[in-house]
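K.L.:
Shown below is the structure under consideration.
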Amino acid sequence: MAIHEKTLIDAERLQTSDNLVLDGVDVSGHWNTMVLPRYLTDYDTDFARQIRTFSGGENVHRCWQCGSCTNSCTVYAQNTDFNPRYWIYLTNLGLKKEILKDKDIIWTCVSCNRCTNICPKDVKPEGVMKALAHWLEEEGHTPETKSSIFDNEFLGQVYATGRIEDTRVLVNFLRKTNQSLTPPWLIEIGKRMTKYFPLTFLMHMGLHLVFKPRTKSWGRTGEVLREYVHEQKEIARKARAMPKEAVHV
Amino acid sequence: MQKTVLVVGAGPAGLAAAAGVAASGAQAVLVEKAAKLGGTPILSGYAKLVPSGEWARDAMGRMIKRVEESKNVTIHKETKVTKLAGEAGKFTATLSNGTSVECASVILATGFTHFDSINKPEWGFGTFEDVVTTTQVEQMVAAGKIACPSDGRVPERVAILLCVGSRDRQIGREWCSKICCTVSTNLAMEIKELSPTTDVFIYYMDIRTFGLYEDRFYWKSQEEFKTKFVKARIAEVTRSPDGRLLVKGEDTLVKRPIVIPMDLVVHAVGMDPNEDNPEIARVFGVGLEKHGFIDRAEHYTNTCGTTRRGIYAVGAALAPETIDDSISQGTAAALRAVADLNALVQKSA
């Protein structure tokens, strides 16, 4: 083997070309393995500002790395890879690639807010975790979360009819998230409901499922609402992408 | 009956000492080796002082005016003390301009010398034009424009390296220069005021903005001016092919080596003992402590005392010191010197 202790090197820094001939010499396979340098070569100086435009991330630049957040963290106690202090540092320096390495655990914050309560600089680390998770989702680094799927289903019904139909929200949510339509807890709810046999309620439910009633004189309200929400999201997105000269903070 | 105090050095501490002596009704003879009064803040062209935020020329200007207008102060510029004979209560000082001064006591307010960054060649000063010191940035701020010396462009990124010539056993500087952290955070804000699109990075081992400097400088520069603090001691400054500078080191929090492009690199230079201290020690017969600053007497009952009776020392002559505290010490030493005069009066009565 050409490289010793290969296991100690991040997989992404190892480069091997299957077919390579150099000066007439066949060096295919592990003979041409190169290890990319591990040093950091630049900061994204605009990244912290972008994260500050997400709700919760407003104070991220205040951090001085005392580590109170990580020390008090409920999730860190279970998983030492979950390190809010470290991600806040990476955010402030704009070391995005390093943050992406942890993209699959940042969302596991349970929002207990112990970090936010203890932070001496009022960074609100819990909010930063939320902001980072939203950034990851918006940039497509992580798949759409279940809560976003639920929100969209819920809002979609409101736009269309001015009201929501619990059963339909639930069924569509389960379907869109590839979950069973008959989870045990739902069956249990059904069982207990039938015990009381709420005939009128069940009839309403059935009717509404079929006829999808709208709120009286809903008219174009849904359209207007949808446009407004879309507009607001665009404004936020543009603020994030603003050129440095326009914001300089 | 001798009623004169000799004050050596006309920086913040010396100006305060001379003013203190004069205000008490005694005579002060102020000797300054430079052609101008005001000491380092004036001679090095400082911009706004910490923590008052007042321009150096205004703040020092008031101190200078007070001394110049006092009928109890005699000023000798471009002059050194070449000889001091006698003992406490009856010294005779010979000045380089030929004057002889009879005095009861001496206050040494001889200050410090900025660390010469040439002594840390790996950090690029003297090799690359765009590596400068905090003193040079002070001058840029005072002139109202922040620019890279190589081509005059406004820097997109500035790196301020802390502890240059401080806390470094390799070059025999085992002390903290006390004020560079605060000065650097202040400069970071001033740079941002002159060029809002410039990003300022401060590379630190520790941030020592003591006392009220904490929120007024460190927090403010971070929270309001978005200064970035990077925990890394830089190993080397080099140049990339495109002409920008590269700072190399280890980011100790990410635990990875860094090679980051910068436009301007600023050395936060520390305070060395005054380069003339060996001469001062010889002329005045006072001892130097192990780093080369003037050695302090027991402080509790012999405040501002040196190893020789009747000779006091104040400000950055004793150790790295802030301007404000140097002024306080100058005033304190004036009290000691005047108390000596009174004791002589009582003795002769």
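The values are calculated or read from the model by the stated rules, or taken from the named source; none is laboratory data. Remember, predicted model here, so these are calculated numbers, not experimental data. Ideal geometry is used to build each Cβ from the backbone, glycine not excepted, and the neighbour counts take in all protein chains shown. To get the accessible areas, we keep the full protein, side chains included, count just its heavy atoms, and leave off ligands, DNA and RNA. Shrake-Rupley method; radii C 1.70, N 1.55, O 1.52, S 1.80 Å.
K.L.:
Can you report the number of residues in the stretch A:14-70 which are of a type in the set (Lys, Arg) and more than 9 Å from chain B (Cβ to nearest Cβ)? First the steps, then the outcome.
P.N.:
To start, the set of residues in the stretch A:14-70 that are of a type in the set (Lys, Arg) comprises A:38, A:49, A:52, A:62.
Remaining after also requiring more than 9 Å from chain B (Cβ to nearest Cβ): A:52.
Final tally of qualifying residues: 1.
K.L.:
All but one of (1) part of a loop (DSSP other than H, G, I, E, B); (2) farther than 22 Å from B:Thr82 by Cα; (3) among the hydroxyl-bearing types (Ser, Thr, Tyr); (4) open to solvent by 50 Å² or more (accessible area, probe 1.4 Å) hold for B:Thr303; which doesn't?
P.N.:
Of the numbered conditions (1) part of a loop (DSSP other than H, G, I, E, B); (2) farther than 22 Å from B:Thr82 by Cα; (3) among the hydroxyl-bearing types (Ser, Thr, Tyr); (4) open to solvent by 50 Å² or more (accessible area, probe 1.4 Å), the odd one out for B:Thr303 is (4).
K.L.:
Can A:Thr45 be described as touching a Lys or Arg at 6+ places or on another chain (Cβ under 9 Å), open to solvent by less than 30 Å² (accessible area, probe 1.4 Å) and not hydrophobic (A, V, I, L, M, F, W, C)?
P.N.:
No, not satisfied.
K.L.:
Just to be sure, is A:Lys97 closer than 30 Å to B:Trp219 by Cβ, within 14 Å of chain B (Cβ to nearest Cβ) and in a loop (DSSP other than H, G, I, E, B)?
P.N.:
no
K.L.:
Search the stretch B:181-201 for residues that are farther than 18 Å from B:Leu161 by Cβ and pair each with any residue that is open to solvent by less than 20 Å² (accessible area, probe 1.4 Å) when their beta-carbon atoms are under 6 Å apart and the residues are at least 6 apart or on different chains.
P.N.:
B:Leu194/B:Ile146; B:Ser195/B:Ile146
K.L.:
Is it fair to say A:Gly127 is among the small types (Gly, Ala, Ser) and either at pLDDT 95 or above or assigned by TED's automatic domain parsing to the domain that holds A:Trp87 (or both)? Steps first, please.
P.N.:
Numbers: among the small types (Gly, Ala, Ser): yes; either at pLDDT 95 or above or assigned by TED's automatic domain parsing to the domain that holds A:Trp87 (or both): yes.
It is true that A:Gly127 is among the small types (Gly, Ala, Ser) and either at pLDDT 95 or above or assigned by TED's automatic domain parsing to the domain that holds A:Trp87 (or both).
K.L.:
Taking the stretch A:224-249 as the search range and keeping residues that are open to solvent by less than 90 Å² (accessible area, probe 1.4 Å) and within 14 Å of chain B (Cβ to nearest Cβ), which one is modelled with the lowest pLDDT?
P.N.:
Taking the stretch A:224-249 as the starting set, the residues that turn out to be open to solvent by less than 90 Å² (accessible area, probe 1.4 Å) are A:224-225, A:229, A:232, A:234, A:236, A:239-244, A:246-249.
Still in the list and also within 14 Å of chain B (Cβ to nearest Cβ): A:242-244, A:246-249.
Numbers: A:Met242: 74, A:Pro243: 68, A:Lys244: 63, A:Ala246: 58, A:Val247: 56, A:His248: 51, A:Val249: 48.
Top of the filtered list is A:Val249.
K.L.:
Given the criterion within 14 Å of another protein chain (Cβ to nearest Cβ) and buried (at least 21 other Cβ atoms within 10 Å of the Cβ), identify the matching residue among B:Ile258, B:Ile311, B:Ile280.
P.N.:
Answer to the selection: B:Ile258.
K.L.:
Checking the condition charged (D, E, K, R) and crowded, with 16+ Cβ neighbours inside 10 Å, which residue from B:Lys71, B:Lys48, B:Lys77, B:Lys90 passes? Steps first, please.
P.N.:
Numbers: B:Lys71 fails: crowded, with 16+ Cβ neighbours inside 10 Å; B:Lys77 fails: crowded, with 16+ Cβ neighbours inside 10 Å; B:Lys90 fails: crowded, with 16+ Cβ neighbours inside 10 Å.
One residue alone meets the criteria, B:Lys48.
K.L.:
Can you name every residue in the stretch B:143-168 that is buried (at least 17 other Cβ atoms within 10 Å of the Cβ) and not in a loop (DSSP other than H, G, I, E, B)?
P.N.:
Restricting attention to the stretch B:143-168, the residues satisfying the condition of being buried (at least 17 other Cβ atoms within 10 Å of the Cβ) are B:146-148, B:155-168.
If the condition is that a residue be buried (at least 17 other Cβ atoms within 10 Å of the Cβ) and not in a loop (DSSP other than H, G, I, E, B), then B:Arg157, B:Val158, B:Ala159, B:Ile160, B:Leu161, B:Leu162, B:Cys163, B:Val164, B:Asp168 are the ones that fit.
K.L.:
How many residues are facing chain A (nearest Cβ under 9 Å) and either assigned to a helix (DSSP H, G or I) or within 22 Å of the chain's Cα centre (by Cα) (or both) if we restrict to the stretch B:200-222? Working first, answer last.
P.N.:
Quick first cut of the stretch B:200-222, residues facing chain A (nearest Cβ under 9 Å) only: B:201, B:207, B:218-219, B:222.
Restricting the remaining residues to those that are either assigned to a helix (DSSP H, G or I) or within 22 Å of the chain's Cα centre (by Cα) (or both) gives B:207, B:218-219, B:222.
Result for the stretch B:200-222: 4.
K.L.:
Evaluate the stretch A:208-217: report whether one residue or more is out of contact with any helix residue (DSSP H, G or I) (no Cβ under 8 Å at 6 or more places or on another chain) and either in the same structural domain as A:Thr70 (by TED's automatic domain parsing) or under 30 Å from A:Ser111 (Cβ atoms) (or both).
P.N.:
no
K.L.:
In contact with a His (Cβ under 7 Å, 6 or more places away or on another chain), within 14 Å of chain B (Cβ to nearest Cβ), at pLDDT 95 or above and open to solvent by 20 Å² or more (accessible area, probe 1.4 Å): does that describe A:Asn92?
P.N.:
Values: in contact with a His (Cβ under 7 Å, 6 or more places away or on another chain): yes; within 14 Å of chain B (Cβ to nearest Cβ): yes; at pLDDT 95 or above: yes; open to solvent by 20 Å² or more (accessible area, probe 1.4 Å): yes.
Here the answer is yes, as A:Asn92 does meet what is asked.
K.L.:
While we're here: Can you work out which of the residues in the stretch A:201-223 that are open to solvent by less than 70 Å² (accessible area, probe 1.4 Å) and not β-branched (Val, Ile, Thr) is farthest from A:Val158 (Cα to Cα)? Before you say what the answer is, go through the steps one by one.
P.N.:
Filtering the stretch A:201-223 for residues open to solvent by less than 70 Å² (accessible area, probe 1.4 Å) gives A:202, A:205-206, A:208, A:213, A:215, A:218-219, A:221-222.
Adding the requirement that they be not β-branched (Val, Ile, Thr) leaves A:202, A:205-206, A:208, A:213, A:218-219, A:222.
On the way: A:Leu202: 22, A:Met205: 17, A:Gly206: 19, A:His208: 14, A:Pro213: 11, A:Trp218: 10, A:Gly219: 12, A:Gly222: 7 Å.
Residue satisfying both the conditions and the ranking: A:Leu202.
K.L.:
Is it true that some residue in the stretch A:120-142 is farther than 27 Å from A:Thr177 by Cβ, in a helix (DSSP H, G or I) and more than 12 Å from every other protein chain (Cβ to nearest Cβ)? Please lay out each step first, then the result.
P.N.:
We begin by selecting, within the stretch A:120-142, every residue farther than 27 Å from A:Thr177 by Cβ; these are A:120-125.
Narrowing further to those that are in a helix (DSSP H, G or I): A:125.
Restricting the remaining residues to those that are more than 12 Å from every other protein chain (Cβ to nearest Cβ) gives A:125.
Yes: one or more hits.
K.L.:
Just checking, which of A:Leu174, A:Leu225, A:Leu186 is over 30 Å from B:Leu194 (Cα atoms) and in contact with a Leu (Cβ under 7 Å, 6 or more places away or on another chain)?
P.N.:
Numbers: A:Leu225 fails: in contact with a Leu (Cβ under 7 Å, 6 or more places away or on another chain); A:Leu186 fails: in contact with a Leu (Cβ under 7 Å, 6 or more places away or on another chain).
Only one candidate passes the filter, namely A:Leu174.
K.L.:
Yes or no: A:Tyr76 part of a loop (DSSP other than H, G, I, E, B) and touching a Gly at 6+ places or on another chain (Cβ under 8 Å)? Full working, then the answer.
P.N.:
On the way: part of a loop (DSSP other than H, G, I, E, B): yes; touching a Gly at 6+ places or on another chain (Cβ under 8 Å): no.
Considered against the rule, which asks whether it is part of a loop (DSSP other than H, G, I, E, B) and touching a Gly at 6+ places or on another chain (Cβ under 8 Å), A:Tyr76 comes out as no.
K.L.:
Let me ask something else. Only one of B:Ile118, B:Ile107 is more than 15 Å from the chain's Cα centre (by Cα) and assigned to a strand (DSSP E or B). Can you tell me which?
P.N.:
B:Ile107
K.L.:
So which residues in the stretch B:16-36 are of a type in the set (A, V, I, L, M, F, W, C) and in contact with a Leu (Cβ under 7 Å, 6 or more places away or on another chain), if there are any at all?
P.N.:
Within the stretch B:16-36, the first condition is being of a type in the set (A, V, I, L, M, F, W, C), and the residues that meet it are B:16-19, B:21-23, B:26, B:28-31, B:34-35.
If the condition is that a residue be of a type in the set (A, V, I, L, M, F, W, C) and in contact with a Leu (Cβ under 7 Å, 6 or more places away or on another chain), then B:Ala18, B:Ala26, B:Val29, B:Val31, B:Ala34 are the ones that fit.
K.L.:
Could I ask something else about it? Taking only the stretch A:1-50 into account, find how many residues are touching a His at 6+ places or on another chain (Cβ under 9 Å) and in a helix (DSSP H, G or I).
P.N.:
Just the residues of the stretch A:1-50 that are touching a His at 6+ places or on another chain (Cβ under 9 Å), to begin with: A:1-3, A:16, A:48-49.
Those left that are additionally in a helix (DSSP H, G or I): A:48-49.
Counting residues in the stretch A:1-50 that are touching a His at 6+ places or on another chain (Cβ under 9 Å) and in a helix (DSSP H, G or I) gives 2.
K.L.:
Only one of (1) farther than 18 Å from A:Val60 by Cα; (2) among the polar types (S, T, N, Q); (3) more than 9 Å from chain A (Cβ to nearest Cβ) is not met by B:Thr197, so which one is it?
P.N.:
B:Thr197 satisfies every listed condition except (3).
K.L.:
Restrict the check to the stretch B:54-66 and report whether at least one residue is assigned to a loop (DSSP other than H, G, I, E, B), touching a residue at least 24 places away in the same chain (Cβ under 8 Å) and either of a type in the set (Val, Ile, Thr) or over 30 Å from B:Glu193 (Cα atoms) (or both). Walk me through how you get there before you give the answer.
P.N.:
First, pick out the residues of the stretch B:54-66 that are assigned to a loop (DSSP other than H, G, I, E, B): B:54.
Subset that is touching a residue at least 24 places away in the same chain (Cβ under 8 Å): none.
Within the stretch B:54-66, none of the residues are assigned to a loop (DSSP other than H, G, I, E, B), touching a residue at least 24 places away in the same chain (Cβ under 8 Å) and either of a type in the set (Val, Ile, Thr) or over 30 Å from B:Glu193 (Cα atoms) (or both).
K.L.:
Identify all residues within the stretch A:143-195 that are assigned to a helix (DSSP H, G or I), β-branched (Val, Ile, Thr) and within 22 Å of the chain's Cα centre (by Cα); write none if there are none. Spell out how you get there, then give the answer.
P.N.:
Looking only at the stretch A:143-195, we keep the residues that are assigned to a helix (DSSP H, G or I), and these are A:146-161, A:166-176, A:184-195.
Going one step further and asking which of them are β-branched (Val, Ile, Thr), we end up with A:149, A:158, A:161, A:167, A:169, A:171, A:187, A:189, A:194.
Within the stretch A:143-195, A:Ile149, A:Val169 qualify.
K.L.:
When you go through B:Thr252, B:Thr238 one by one, which is the residue that is without any contact (Cβ under 8 Å) to a residue 24 or more places away in the chain, within 14 Å of another protein chain (Cβ to nearest Cβ) and either buried (at least 24 other Cβ atoms within 10 Å of the Cβ) or among the hydroxyl-bearing types (Ser, Thr, Tyr) (or both)? Talk me through it step by step, then tell me what you get.
P.N.:
Working: B:Thr238 fails: without any contact (Cβ under 8 Å) to a residue 24 or more places away in the chain.
B:Thr252 is the lone residue from the list that is without any contact (Cβ under 8 Å) to a residue 24 or more places away in the chain, within 14 Å of another protein chain (Cβ to nearest Cβ) and either buried (at least 24 other Cβ atoms within 10 Å of the Cβ) or among the hydroxyl-bearing types (Ser, Thr, Tyr) (or both).
K.L.:
In addition: Please enumerate the residues belonging to the stretch A:29-41 that are exposed (fewer than 13 other Cβ atoms within 10 Å of the Cβ) and modelled with pLDDT of 90 or more.
P.N.:
Scanning the stretch A:29-41 gives a single hit, A:Thr41.
K.L.:
Could you list, in sequence order, all residues of the stretch B:169-185 that are outside any strand (DSSP E or B), open to solvent by 20 Å² or more (accessible area, probe 1.4 Å) and not hydrophobic (A, V, I, L, M, F, W, C)?
P.N.:
The answer is B:Arg169, B:Gln170, B:Gly172, B:Glu174, B:Lys178.
K.L.:
With the structure loaded, tell me whether B:Asp263 is of a type in the set (Asp, Glu), within 11 Å of chain A (Cβ to nearest Cβ) and buried (at least 19 other Cβ atoms within 10 Å of the Cβ) or whether it fails that test. Let's see the steps before the verdict.
P.N.:
Numbers: of a type in the set (Asp, Glu): yes; within 11 Å of chain A (Cβ to nearest Cβ): no; buried (at least 19 other Cβ atoms within 10 Å of the Cβ): yes.
No: the conditions fail for B:Asp263.
K.L.:
Moving to a separate point now. What's the number of the condition B:Phe225 fails, among (1) free of Cβ contacts under 8 Å to residues at least 24 places away in the same chain; (2) within 13 Å of chain A (Cβ to nearest Cβ)?
P.N.:
Here B:Phe225 clears every test but (1).
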